[in-house]
């Protein structure tokens, strides 16, 4: 895929400079062109190109320009460029080439290229050095206990973070480039011997078939490669934490690290992973199991509470205990809207408040919660615009929905679908929707692995890390159908 | 998606709307929640007169007390009377939360079938409703007396029946049990009754013993005290007291025993063409109260008390059975039913003549009382000079 077929290097330095200038825009001020010559031998002319802001200026000054200017050169004229490469330039990573494509790519990825008079080749010197964010804890995935580092936007730093956790030569990195215009560097990571080769092959195949302009985040890839693109459920995982990636790799999963984003994708992704948190494994397993059961319950509650409340209150009043229906009855006195409308309006209000709060600077956030809780909640009840139980129902549904931020898209959409169904048919409609949801969950796959696989297994070892988190000494096997080497090496004293 | 799938989908969706039975979107405040109903019969035009107690929410604030209202109407049948109530209430009556049906004596005497039919056939009333028979002139007046625990009289009657566990003086019969007894062979149903008493000078409803049925018609009443012995035979005792009087000794006194547990077995005996029924009760009690310094706690006293209590229980059970045999001619204990279950061969022979066998049936009662404790005292309180 040579884009610069019509160009080629010439022996004249000036024409080479003109060519590079032409390839970039003539007015591109970020491209720095610096010509210089050796102080002992004026005929030794050189020129370097690099892009301002993407290079480490110190390296260029100290290790490229200074040695070339100062070197006392013997009069070897024929392969001067080789002499520079081996004896003058101080760099741990450099390469000689005559391919224009390589040269251009090197410049735009932050390297410096060096042309010399009378040479048909040029040198690429690694001078990458741009400003990047420090390694800090990801805001959306905070933990109380456990490692606090998170990925950054720089792929090499990210890979180093993974490598630091998995110091084995079995950890393989396979690089590729994605995005026809962004040329984003991507890396597939897996542990050889654990990762399922079929899944690996499938991932390669799907990545190769991608054709997209730009890749700015892994979600671009996710939507292009995932198995059920129309499903609200995600079939690829994403995280900003190296410890999670290391754990997933150890389970035989495969990670895709992308340059320019701190989010790393993992495949295959099963339903239960929504409810697994890295903290589960760092805390006592009783506590972790309670947390996990609560999260699963929270998800079901979040999608069901408004629908079930509506069904009971509007269709099946006989199912509500008598004292409860009396208080609901009393609370609804003077409320002008039907229960279904009340619920839908208040649920939408909740989503608006949540959406408004997400991108709001934190100092306004407080005002928002006051507006949300006091003005909209209590005043609406006092003014008899909505009944008090509805506020509780919507609040509960919203809070349980926020327990797992990752599954938010599902809980928000399902909540409204179920509410709509039960406003038509009561509990029957709710059960109808729930069955459809289950059928969907059981029908989708992630890279060939059934989405619900380990939740429905009959083997105890498969279930050990699902609704409860078993102690580490009990988790002897890896989750099946992912890894080809099932045996975990956790041979404790309780073996 | 192919065409047949879409067609199937449309058929399923439309049929869900068409085949949904009779439930519907109905806001709570559009319903009038019925808590109970009293059914009377007008002697003059032979119409049913219904008084439904409806939970009143007009005056209620959130967290406040709930009041009740009464809606009265009449009709040729029960459902007719119920539908006529819409004329008054402007809301459809909602029966799923009803707990109490009260029948007047003459409704019960004429036959309880129309009431049972409505409860069993209509989708809203539950089979766990309690039916009472009023011992007052009308059933409706029970719904308008002073209430103690809640403003809603019907719920109060329901609570009274629930609390009966430690009283054991009325039978707890729900509709489905009544219907089972009614349709089964060799057993006659009973119902609890209600009457009006004075509490601090105000009239209020209280439990009033048992209404005995023969087939579906009222045959008579058992008193509260006699009901206890009926419950002993029916093995439905969950608590309550046994009051043992000693009138013969030099100092007449009375000892109260509290029942903790009771198990009754009914054993039919058939030999030489002679049918008899053995009733064996085994009761765990504790001494709950005594008005004497006599020691009933030591071994000797306990044996004496036990003998007295057993005799007392046997005598009373026999008396109540005799009353049912002679006065009501109604097998409310289910002896025939027990024979049918334990000796089906025998029932085939005698089942047809059960009506004539029952009044002559020979009964042996064998009570077995175990005194388990004496409360917090180990010796009776001594009275010194």
Check whether at least one residue in the range A:382-391 is within 29 Å of residue A:238 (Cα to Cα) and either away from chain B (no Cβ under 13 Å) or in contact (Cβ under 8 Å) with a residue 12 or more places away in the chain (or both), and report yes or no.
no
When you scan the range B:89-112, how many residues do you find that are in a loop (DSSP other than H, G, I, E, B) and within 12 Å of chain A (Cβ to nearest Cβ)?
6
Can you name the helices (runs of 4 or more DSSP H) wholly within the range A:70-169 that have at least 3 residues being modelled with pLDDT of 90 or more?
A:155-165
Residue identified as outside the structural domain of residue A:103 (by TED's automatic domain parsing) and out of contact with any helix residue (DSSP H, G or I) (no Cβ under 8 Å at 6 or more places or on another chain) among A:62, A:6:
A:6
Restrict the check to the range B:316-328 and report whether at least one residue is surrounded by 19 or more Cβ atoms within 10 Å (Cβ to Cβ), over 22 Å from the mean Cα position of the chain (by Cα), touching a residue at least 40 places away in the same chain (Cβ under 8 Å) and not assigned by TED's automatic domain parsing to the domain that holds residue B:181.
no
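Scan the range A:296-326 for residues that are assigned to a helix (DSSP H, G or I), facing chain B (nearest Cβ under 8 Å) and surrounded by 20 or more Cβ atoms within 10 Å (Cβ to Cβ) and jot them down. It would help to see each step written out before you state the result.
Here is the first cut: in the range A:296-326, the ones assigned to a helix (DSSP H, G or I) are A:296-314, A:317-319, A:322-326.
Narrowing further to those that are facing chain B (nearest Cβ under 8 Å): A:313-314, A:317-318, A:322, A:325-326.
A:313, A:314, A:317, A:325, A:326 - these are the residues of the range A:296-326 that are assigned to a helix (DSSP H, G or I), facing chain B (nearest Cβ under 8 Å) and surrounded by 20 or more Cβ atoms within 10 Å (Cβ to Cβ).
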Hey, could you check the range B:35-62 for residues that are outside any strand (DSSP E or B) and touching a helix residue (DSSP H, G or I) at 6+ places or on another chain (Cβ under 8 Å) and say which is modelled with the highest pLDDT?
B:47
Within the range A:204-225, does at least one residue satisfy the condition of being in contact (Cβ under 8 Å) with a residue 60 or more places away in the chain and buried (at least 21 other Cβ atoms within 10 Å of the Cβ)?
no
Determine whether residue B:88 is touching a residue at least 12 places away in the same chain (Cβ under 8 Å), in contact with a strand residue (DSSP E or B) (Cβ under 6 Å, 6 or more places away or on another chain) and either within 11 Å of residue B:40 (Cα to Cα) or surrounded by fewer than 17 Cβ atoms within 10 Å (Cβ to Cβ) (or both).
yes
Scan the range A:411-438 for residues that are within 22 Å of the chain's Cα centre (by Cα) and surrounded by 22 or more Cβ atoms within 10 Å (Cβ to Cβ) and jot them down.
A:411
Quick one: which helices (runs of 4 or more DSSP H) lie wholly within the range A:388-445 and hold at least 3 residues that are more than 25 Å from residue A:325 (Cα to Cα)?
A:408-425, A:427-443
From the list A:9, A:44, which one is within 28 Å of residue A:179 (Cβ to Cβ), modelled with pLDDT under 85 and surrounded by 17 or more Cβ atoms within 10 Å (Cβ to Cβ)?
A:9
Condition (residue is at pLDDT 90 or above, crowded, with 22+ Cβ neighbours inside 10 Å and farther than 24 Å from residue B:28 by Cα) applied to the range B:94-103: is it met by at least one residue?
yes
Looking only at the range B:120-134, decide whether some residue is surrounded by fewer than 20 Cβ atoms within 10 Å (Cβ to Cβ), over 21 Å from residue B:94 (Cα atoms) and either in contact with a strand residue (DSSP E or B) (Cβ under 7 Å, 6 or more places away or on another chain) or at pLDDT below 90 (or both).
no
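Could you check how many residues of the range A:336-353 are within 14 Å of residue A:394 (Cβ to Cβ) and either at the interface with chain B (Cβ under 10 Å from one of its Cβ atoms) or touching a helix residue (DSSP H, G or I) at 6+ places or on another chain (Cβ under 7 Å) (or both)?
Selection size over the range A:336-353: 12.
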The condition of being at positive phi and modelled with pLDDT of 85 or more holds, among A:447, A:420, only for A:447
Name the residue that is surrounded by the fewest Cβ atoms within 10 Å (Cβ to Cβ), counting only residues in the range B:141-155 that are closer than 14 Å to residue B:207 by Cα and touching a residue at least 60 places away in the same chain (Cβ under 8 Å).
B:145
What number of residues within the range A:174-190 satisfy the criterion of being surrounded by fewer than 16 Cβ atoms within 10 Å (Cβ to Cβ) and under 17 Å from residue A:260 (Cβ atoms)?
6
Across (1) within 14 Å of chain B (Cβ to nearest Cβ); (2) at pLDDT 85 or above; (3) in a helix (DSSP H, G or I), residue A:378 clears everything bar (2)
Every residue in the range A:194-242 that is in a helix (DSSP H, G or I) and in contact with a helix residue (DSSP H, G or I) (Cβ under 6 Å, 6 or more places away or on another chain), please.
A:206, A:225, A:242
Answer yes or no as to whether residue A:457 is at pLDDT below 90 and either under 21 Å from residue A:196 (Cβ atoms) or touching a strand residue (DSSP E or B) at 6+ places or on another chain (Cβ under 6 Å) (or both).
yes
Can you tell me which residues in the range B:265-278 are crowded, with 16+ Cβ neighbours inside 10 Å and in contact with a helix residue (DSSP H, G or I) (Cβ under 6 Å, 6 or more places away or on another chain)?
B:266, B:268, B:277
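The values are calculated or read from the model by the stated rules, or taken from the named source; none is laboratory data. Quantities reported herein were computed from a predicted structural model and do not represent experimental measurements. Glycine gets a Cβ as well: all are built from the backbone with ideal geometry, and neighbour counts include every protein chain shown.
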